[in-house]
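K.L.:
The following block contains the structure, expressed as structure tokens.
What follows draws every value from the coordinates through simple rules; no lab data is involved. Remember, it's a predicted structure, so these values are computed and weren't measured experimentally. All Cβ positions, even for glycine, are placed from backbone atoms using ideal geometry, and neighbour counts span all protein chains on display.
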Amino acid sequence: MISANLAVVYSPSQTHGLFVTPSLSYSIAENWDFGFFSQVFFAQYEDFYSPVQSYFLRLKFSF
């Protein structure tokens, strides 16, 4: 089974912050899951621009 999710948070303040969290999970077997997750944050204020990005892989065993 494949599962995809997306969360988005926007701040209409001066920095116009945007936080995006996409994820994708795949069930390899009954007790095994493989996942890809990301956290991306963008903010802009005058001459300052801050792209912060994190990416994760996860292999999970459930019992």
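K.L.:
What is the distance, in nm, between label points placed 7 Å from the Cα along the Cα-to-Cβ direction at ARG58 and at TYR45?
P.N.:
It works out to 3.1 nm between the two label points.
K.L.:
When the chain is treated as a GNM, springs tying every alpha-carbon pair under 10 Å, which of GLN39, GLN14, GLN53 comes out with the largest mean-square fluctuation?
P.N.:
GLN14
K.L.:
Answer with a single label: of (1) 0.99; (2) 1.18; (3) 1.37, which was calculated as Rg/Rh (Cα atoms, Kirkwood Rh) from the structure in view?
P.N.:
Given (1) 0.99; (2) 1.18; (3) 1.37, the structure-derived one carries the label (2).
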